[in-house]
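The values are calculated or read from the model by the stated rules, or taken from the named source; none is laboratory data. All values derive from a computational prediction rather than experimental measurement. Glycine gets a Cβ as well: all are built from the backbone with ideal geometry, and neighbour counts include every protein chain shown. Surface accessibility is based on the protein's heavy atoms, side chains included, excluding ligands, DNA and RNA. Shrake-Rupley method; radii C 1.70, N 1.55, O 1.52, S 1.80 Å.
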Amino acid sequence: MAMNSAIQRAMALTLVACLALTLATSTGCGPSAQADYASIGLVPITGNVTLDGQPLEGAVVMFESPDTTFCYGTTDAEGNYEIKFNSEVMGVPPGEKVVRISTTASTGEVDTEGADEDDDDAAARRKKKKKRNPNEQVPEAYNENSQIKATVSDSQTVYDFALKSDGSPL
């Protein structure tokens with residue numbers, strides 16, 4: 001009888017394991033639900049960036065919300081840009097933004113270098129990253145310490161930025 005109950009327990013555990021495995025492999029593998037971007041009210045934003053009167057090619061233009069999320073675009077050879085909400089959709093949610101422009105900024109790649117290091121090393125990396133990149137062409141007044149503000153709404157969809165090497169106000 002003890003042998004019979006041990007077999008029954010083993011069979012029950014096997015059944016539970018098979019059911020759990022079936023459930024785990026069958027969920028999350030179907031097509032994902034489409035995001036409802038229409039509910040965000042994205043505003044199509046375009047513009048032009050110059051530095052000392054010359055088109056600024058390859059600059060990242062970011063419209064940053066108060067919660068530090070941002071939409072971005074990259075300037076072409078003529079300094080023109082179009083802002084993306086993400087890699088799939090163009091536009092910017094309405095509201096107050098700080099505009100940051102940089103020739104060395106990333107458009108969202110994640111830095112995983114040293115992710116396994118202890119806290120002291122991580123703090124040192126963060127401090128090091130705060131140093132200004134010597135290849136940055138845009139003054140701090142337009143990126144790290146940007147004073148450029150924009151109120152995004154349907155009434156204004158073009159934002160041109162005539163930057164100056166001395167960082168003077170626009």
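Worth pointing out:
- Residue 104 contributes about 50 Å² of solvent-accessible surface, heavy atoms of the protein only, 1.4 Å probe.
- Amide H partners (placed H, <5 Å) of residue 80, local residues excluded: 49
- Amide hydrogen proximity for residue 43: with H placed 1.01 Å from N in the peptide plane, the residues at 5 or more positions away or on another chain lying under 5 Å are 92.
- Surrounding net charge for residue 90, when Lys and Arg each add one and Asp and Glu each subtract one, Cβ distance under 13 Å: -1
- Cα lying deepest toward the dipole's positive end in the stretch 33-106, options 50, 68, 87, charges on Cβ: 68
- Across the stretch 47-60, coupling constants 3J(HN,Hα) worked out from phi with the 6.51/-1.76/1.60 Karplus curve, θ = phi - 60°, read x, 9, 10, 10, 10, 6, x, 9, x, 9, 7, x, 7, 8 Hz, and Gly and Pro carry x.
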